1. Keeping all protein chains in place and using 1.4 angstrom, which order do Trp96, Trp111 fall into by accessible surface area, from largest down?
2. May I ask which of Lys92/Lys113; Lys92/Lys203; Lys13/Lys203 have a Cα-Cα span longer than 25 Å here?
3. Just the ratio, please: alpha-carbon radius of gyration of region 190-240 over 2.2 N^0.38 Å, N its number of residues.
4. Excluding ligands, DNA and RNA, what is the solvent-accessible area per residue of region 94-134 at a probe of 1.4 Å, expressed in Å²?
5. Sticking with the crude label model, points 7 Å out along Cα→Cβ, report the distance from Arg232 to Ala210 in nm, one decimal please.
6. Dividing the convex hull volume of the Cα atoms of region 122-247 by its residue count, what figure in Å³ per residue is obtained?
7. What's the carbon and sulfur percent of region 91-133's accessible surface, probe 1.4 angstrom, rounded to a whole number?
8. Using the basic label-point model (7 angstrom from Cα toward the beta carbon), what is the Gln174 to Val221 distance in nanometres?
Amino acid sequence: MIIEFFGPPGSGKTTFANALAQRLRERGHVARVARFYQPRNKGDGWDHFAILSITIRISAAVISVFAAVLSSLAGDTGIRTTNHLIESIPPKGIIWRARIWQYIVRLSSCWKKAQESPDITIFDQGFVQAIGSLAVFSGGADDSMIARALSFAPRADLVVRVVVPGEIVEPRLQARMKQEPAAERLFEVDVAGNMNAFAVFDKIGRVLQAARRNTLSVRPVDQQSAARDLSRVEKEVLARLSRIGSHSINNARGPTTRRAAGKQRANRA
């Protein structure tokens, strides 16, 4: 099963995704959060200016893209999907075009593995989030462009939209920027740019609704609301697992059967 979150930067997607994964593991399911990048705080370890971590980050991205390209030559559709998305909503700047291209290539590879897995994979930033990034950097994606991009993207079993007011998100983003080393900030959008993403994700939400795509919305503005929404999402996940067939850590299926189940789920997607 694949679950993906989307929403503006700083809205709490990763925090909520990790909490959901933990809750599902407590229920006996194998659940993990798929992440491509872990932000680094200023002053962590001896690499104070994050030069080494930036080098490793770039190298890992290059290696991942190279592996994905080889897979594509072997018949994988990841590169084709990436190109369709970029062509649907082309970013203005060549640097951001290249950055988002390599990100979607890596995402496609990870998504394919998740489709073939019998476990629960949670993307704190999946294809819907990537389409949001394309729309932000395109400078003016309309509903039809977003709808076209969504038609090319693989669908998750459950899409969760995180909705948090801008007055709560902005201080979070400002605090995050202060904690990041200077080298890290070269790769990030500033606070004003991130705040512009709110309108884009509102638009994506409307397009998904118009297409009758089943999307849950959560508003984790405080501990109480986060706990309430977490229980609601967990309940929906368990209900869907009961319909598509869940695989827990106590499942006694053999490896051949598990692989076959994963392939069946990938074919349905």
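1. Values: Trp96 70, Trp111 5 Å².
Largest accessible area first, the residues go Trp96, Trp111.
2. Lys92/Lys113, as the Cα separations exceed 25 Å there.
3. In units of the 2.2 N^0.38 Å rule of thumb, it is 1.42.
4. With all protein chains present, region 94-134 gives 34 Å² per residue.
5. 2.5
6. Working: hull volume 17.9 nm³, N = 126.
Measuring per residue, one finds 142 Å³ for the Cα hull of region 122-247.
7. The computed percentage sits at 57.
8. A separation of 1.9 nm, rounded to one decimal place.
The values are calculated or read from the model by the stated rules, or taken from the named source; none is laboratory data. None of these values were measured; they are calculated from a predicted model. Glycine gets a Cβ as well: all are built from the backbone with ideal geometry, and neighbour counts include every protein chain shown. Accessible surface is based on the protein model in full, side chains and every heavy atom, while ligands, DNA and RNA are left aside. Shrake-Rupley method; radii C 1.70, N 1.55, O 1.52, S 1.80 Å.
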